[in-house]
Amino acid sequence: MDISVVIPLYNEDESLPELYSWIARVMEENQFSYEVIFINDGSTDKSWQVIEELSATHDEVKGIKFRRNYGKSPALFCGFKEAQGDVVITMDADLQDSPDEIPGLYKMITVDGYDLVSGYKQKRYDPLSKTIPTKLFNATVRSVSGIKNLHDFNCGLKAYRKDVVKNIEVYGEMHRFIPYLAKNAGFEKIGEKVVHHQARKYGKSKFGLNRFVNGYLDLMTLWFLSSFGRKPMHVFGFLGTLMFILGLLAAIVIGAAKLIALAHGTPRPLVTNSPYFYLSLTMMIIGTQLFLAGFIGDLISRSSSTRNDYQIEETLRCEK
């Protein structure tokens, strides 16, 4: 099979028939073999009924129904697990992503050799309250991830080689960082394609400004896991040791100053009356806690069942 189109959705019953007809027309014009996988993320409208009707009349349509709303990342995870196409295309169900972009995305994967291609909605039909935070967010992700050539990490229109979606785990709200997840899994040939963005035709947006706050928190988590997930002692142990040594040196200086004053018969306040004594003691305590946190994290990491789960692309063996 050439292409799997994975479409997560929540309350988009009005747009689904038009979206599928558009996808089918593009596929037939380009003679692609394909499947369309709709993931109904706990919709409260007639979305699942529409998917059932489409599946009954079109063999290419598959559906997954969640009992409740879990979010876009779990929907994509289940869609990726079900996908069988050599190239996997993701898009939103609100008709803001154009299926006419599919042939170009497919070519970039199969001909140009990219592992992942992300759409870039250069000209957007969104309000400034959405576009300005989006630009700031994307600039931050580019800096942290090191993927300098992407301008729109959160664009729903993306294309993947099948190996990519089968070797990454999309969870929580990590769908915003799929290119970063792919890079961490060893798929580093990541490209971008300028795509057409259309104004929403039906319904209203399901996302609020809180997604930007959550996005930054998720980015910090992903950065830490990718950098120190398998070696937490390297960060916590280093910081803990550094803080403990600084606190110990400060305590030694305070004690030495007191001893020198006593040796010269100079009156000096009690060590325990100095605020610096308590600051140094606090630094030593926090340093010890950080060190122990790293030690415990290392023990947990070493006992994890996935501690040796490495991405192996190819293996050569000698024939005897």
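The values are calculated or read from the model by the stated rules, or taken from the named source; none is laboratory data. Small disclaimer: the values here were computed from a predicted structure and weren't measured. Don't worry about glycine lacking a Cβ; one is built from the backbone with ideal geometry, like all the others, and counts go over all protein chains shown. Ligands, DNA and RNA are stripped out before the accessible areas are found, and what is left, the full protein with its side chains, is counted by its heavy atoms. Shrake-Rupley method; radii C 1.70, N 1.55, O 1.52, S 1.80 Å.
Against the numbered list (1) open to solvent by less than 10 Å² (accessible area, probe 1.4 Å); (2) touching a Pro at 6+ places or on another chain (Cβ under 8 Å); (3) closer than 14 Å to Tyr20 by Cα, Ile102 comes up short only at (2).
Residues are listed down the side, and each one gets a yes or a no for (1) surrounded by 13 or more Cβ atoms within 10 Å (Cβ to Cβ); (2) more than 30 Å from Phe224 (Cα to Cα); (3) out of contact with any Leu (no Cβ under 8 Å at 6 or more places or on another chain); (4) not acidic (Asp, Glu):
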{"residue": "Phe238", "(1), (2), (3), (4)": "yes, no, yes, yes"}
{"residue": "Leu242", "(1), (2), (3), (4)": "yes, no, yes, yes"}
{"residue": "Ala250", "(1), (2), (3), (4)": "yes, yes, no, yes"}
{"residue": "Val253", "(1), (2), (3), (4)": "no, yes, yes, yes"}
{"residue": "Leu259", "(1), (2), (3), (4)": "no, yes, yes, yes"}
{"residue": "His264", "(1), (2), (3), (4)": "no, yes, yes, yes"}
{"residue": "Thr272", "(1), (2), (3), (4)": "no, yes, yes, yes"}
{"residue": "Leu290", "(1), (2), (3), (4)": "yes, no, no, yes"}
{"residue": "Gly297", "(1), (2), (3), (4)": "yes, no, yes, yes"}
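Residues of the range 59-78 that are within 20 Å of Tyr160 (Cβ to Cβ) and not hydroxyl-bearing (Ser, Thr, Tyr): Glu60, Lys62, Ile64, Gly71, Lys72, Pro74, Ala75, Leu76, Phe77, Cys78. Residue pairs whose Cβ atoms lie under 6 Å apart, separated by 6 or more positions or on different chains, with the first residue in the range 72-90 and hydroxyl-bearing (Ser, Thr, Tyr) and the second crowded, with 21+ Cβ neighbours inside 10 Å and not in a loop (DSSP other than H, G, I, E, B), are Ser73/Met174; Ser73/His175; Thr90/Val6; Thr90/Lys158.
In the range 238-251, the residues that are closer than 15 Å to Ser274 by Cα and in contact (Cβ under 8 Å) with a residue 24 or more places away in the chain reach residues that are assigned to a helix (DSSP H, G or I) and open to solvent by 80 Å² or more (accessible area, probe 1.4 Å) with C-beta atoms within less than 9 angstrom, at least six apart or across chains, in these pairs: Gly247/Leu279; Gly247/Ile285; Ala250/Tyr276; Ala250/Leu279; Ala251/Tyr276. Among the residues of the range 114-127, those that are at pLDDT below 85 and open to solvent by 50 Å² or more (accessible area, probe 1.4 Å) comprise Gln122, Lys123, Arg124, Tyr125, Pro127. When Lys130, Lys148, Lys107 are checked against the criterion of being of a type in the set (D, E, K, R) and at pLDDT below 85, a single residue qualifies: Lys130.
Evaluate the following for Val141: is it assigned to a helix (DSSP H, G or I), more than 13 Å from the chain's Cα centre (by Cα), under 20 Å from Lys72 (Cβ atoms) and at pLDDT 85 or above? So Val141 does not fit the description; no.
Within the range 80-98, the set of residues being over 16 Å from the mean Cα position of the chain (by Cα) and crowded, with 21+ Cβ neighbours inside 10 Å comprises Ala83, Gly85, Val87, Val88, Ile89, Met91, Ala93, Asp94, Leu95, Gln96, Asp97.
Among the residues of the range 262-276, at least one is modelled with pLDDT of 85 or more and either over 30 Å from Lys183 (Cβ atoms) or basic (Lys, Arg) (or both). Residues in the range 129-183 that are of a type in the set (D, E, K, R) and touching a Lys or Arg at 6+ places or on another chain (Cβ under 7 Å) were compared, and the one that is surrounded by the fewest Cβ atoms within 10 Å (Cβ to Cβ) is Lys148.
The set of residues in the range 183-219 that are among the hydrophobic types (A, V, I, L, M, F, W, C) and at pLDDT 65 or above comprises Ala185, Phe187, Ile190, Val194, Val195, Ala199, Val213, Leu217, Leu219. Within the range 38-51, restricting attention to residues that are crowded, with 24+ Cβ neighbours inside 10 Å and hydrophobic (A, V, I, L, M, F, W, C), the residue that is farthest from the chain's Cα centre (by Cα) is Ile51. Output yes when any residue across the range 172-184 is part of a loop (DSSP other than H, G, I, E, B) and under 15 Å from Val88 (Cα atoms), and no when none is. So far as the range 172-184 goes, no, none of its residues is part of a loop (DSSP other than H, G, I, E, B) and under 15 Å from Val88 (Cα atoms).
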